[in-house]
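*Asks:* I have a structure here, written as structure tokens, and I will follow up with some questions on it.
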Ligand code: NAD
């Protein structure tokens, strides 16, 4: 199928490269010329495992990038909208969606034949039918369901493993205004054999995405609330508590051979310095605001966000309990990206943590295997030295705070023992075995 994709960020580019791999003809569109040029050179503008190889094998043949939206949309059968849906004043900001819909409408006005418009961005329930459809209709003079199909196809990929997730999806949700729209979108996925494909209306598809993300956020804040209680009660380690919880057969079911497996959801039921990223915080906040407008006070989700907002600074409070005066104290911060295997800094807990340390006069040594550059753009240089190697961050630090669960940090206990054995280690993710440190503290201890 000939597919155009508006917005070549994490979702748009990964979708484009993976669909090109499956033999579809893909035009990735972006307003950012630098991104477009980089894609056309086969160089991914983002860090995603496997993406570069994938792009190099398809770029110039089945995959291309362009700033010419009208040409690319006009030459395709289906257009995905994958632009950003940020938060603005606590509500979803649909300005990029509206602009994309306006331009799609203009592009298909002169096109003969049926065209499918599919929203892949995360949008609050009602957006596809209530905003995108009418906008495309107004600009094209065509009716949804007649002149064009209208779909909502939420994306569930996880940054850092986006290519793998796209190739092996756990589900495909096909929302549509009618059967014809859903049939057209479903045909794009027909070679994903054995994957559950759910056909629903657009509003339900939109809601499935929010429900899925909110459920994950809820687990994290639940674990963090219990971690706070464990700290206050004393004599309880939240890691042991959660290990006990995870052994429930709901979370660690017995397999036919008698062995047990740990359900992946258990990974969200662990204490830490909070969730970040481009999705969970903004999506939960957008759903709360949307619920408020509908007269629904989303009490559980409000608590989820409130707990999460307090979480990053807990590691700074732990540090201050041990060292009340942080002025001129060399502090290593390990991990800057919001999660491992990505350079995405959006809403990363490392941002409030480093800002609080700098405000208190600490000398921050920041290290991330891939996100140093991205962090520099957000946090600047003042009071922060970005280190190219883990050892450089650890060497002179009096305290070390682990913020992101990068696999590389498994070697921290050994490196610290060799370079700087007396440094205080604060585990913001409760990732490492406390018995391997001389001086250990962390969330939920
Ligand atoms: P992103 O910011 O990385 O990419 C969006 C791109 O759209 C940018 O490159 C921007 O220049 C481009 N753009 C904006 N307006 C445009 C226009 N009119 N024409 C052409 N290009 C335009 O965003 P993302 O992380 O890919 O997220 C996109 C959407 O997908 C969001 O709604 C997000 O919530 C959702 N989502 C993201 C993820 C994720 O892990 N990043 C996962 C699932 C869903």
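*Asks:* Taking the simple approach of a point 7 Å from Cα along Cα-to-Cβ for both residue 269 and residue 22, what is their distance in nm?
*Replies:* 3.3 nm
*Asks:* Mind checking the full-extension length gain between residue 189 and residue 66? Use 0.36 nm per residue of separation minus the Cα-Cα distance, one decimal, nm.
*Replies:* 41.9 nm
*Asks:* What FRET efficiency comes out for the pair residue 440/residue 178, r = Cβ-Cβ distance, R0 = 60 Å, nearest 0.05?
*Replies:* 0.50
*Asks:* Moving on. Could you tell me the relative contact order of the chain? Use alpha-carbon pairs under 8 Å, at least six residues apart, and round to a whole percent.
*Replies:* This gives 12 percent for the chain.
*Asks:* Shifting gears a bit: By count of other Cβ within 10 Å, fewest leading, how are 422, 66, 158 ordered?
*Replies:* In order of increasing Cβ crowding within 10 Å: 422, 158, 66.
*Asks:* For 333, 124, which order do you get if you count the other beta carbons within 10 Å of each Cβ and list the fewest first?
*Replies:* 124, 333
*Asks:* Along its principal axes, what span do the Cα atoms of region 2-200 show, with the longest given first and each in whole Å?
*Replies:* Per principal axis, max minus min of the Cα coordinates gives 41, 40, 38 Å.
*Asks:* Hey, rough spin-label estimate for residue 292 and residue 252, points 7 angstrom out along Cα→Cβ, what's it come to in nanometres?
*Replies:* Simple spin-label model gives 4.2 nm for this pair.
*Asks:* May I ask you to work out the translational diffusion coefficient for region 234-352 at 25 °C, viscosity 0.890 mPa s, via Stokes-Einstein with Rh from the Kirkwood sum over Cα pairs, reported in whole µm²/s? Kindly include the intermediate steps, with their values, before the conclusion.
*Replies:* On the way: Rh = 17.4 Å.
Once the numbers are plugged in, D ends up at 141 µm²/s.
*Asks:* Dividing the Cα convex hull volume of region 89-133 by residue count, how many Å³ per residue is that?
*Replies:* 72 Å³
*Asks:* Calculate the length of the line joining the C-alpha centroid of region 76-91 to that of region 104-159, in whole Å.
*Replies:* Taking the Cα centre of region 104-159 as reference, the centre of region 76-91 is 11 Å away.
*Asks:* Also: Give the separation of the Cα centroids, region 243-270 to region 378-417, in Å.
*Replies:* Comparing the Cα centres of region 243-270 and region 378-417, I get a distance of 32 Å.
*Asks:* If you don't mind, there's one more thing I want to ask. Looking at the chain as a GNM with Cα springs under 10 Å, which of 142, 35, 259 has the largest mean-square fluctuation?
*Replies:* It is 259.
*Asks:* Could you tell me what percent of the DSSP beta bridges with both partners in the chain are antiparallel, to the nearest 5?
*Replies:* 10 percent
*Asks:* Helix-only estimate, please: 222 nm mean residue ellipticity of the chain, summing -39500 (n - 2.57) across DSSP H runs of length 4 or more and dividing by its residues, to the nearest 500. Intermediate results must be reported in sequence, preceding the final value.
*Replies:* Working: 17 runs with 182 residues, N = 445.
About -12500 deg cm²/dmol.
*Asks:* Give the residues of region 282-312 whose amide nitrogen is closer than 19 Å to a point set 7 Å from the Cα of residue 89 in the direction of its Cβ.
*Replies:* What the label zone holds, given the 19 Å backbone N cut-off, is 282-283, 285-295.
*Asks:* Which value, in Å to one decimal place, does the Kirkwood hydrodynamic radius take for region 311-442 when every pair of different Cα atoms is included?
*Replies:* 14.2 Å
*Asks:* How big is the gap, in Å, between the Cα center of region 431-445 and the Cα center of region 288-360?
*Replies:* 20 Å
*Asks:* Give me the compactness ratio for the chain, meaning the Cα radius of gyration over 2.2 N^0.38 Å. Walk me through the numbers on the way to the answer.
*Replies:* Working: Rg = 23.5 Å, N = 445, 2.2 N^0.38 = 22.3 Å.
Relative to the 2.2 N^0.38 Å estimate, the chain comes out at 1.05.
*Asks:* Which order do the peptides 129-139, 36-46 come out in when sorted by mean C-beta neighbours inside 10 angstrom, highest first?
*Replies:* 129-139, 36-46
Readers should treat all values here as calculations from the given coordinates under stated rules, not as data from a laboratory. Please read all numbers here as calculations on a predicted model, not as lab measurements. Cβ coordinates were reconstructed from backbone atoms using ideal geometry, including for glycine residues, and neighbour counts include every protein chain displayed.
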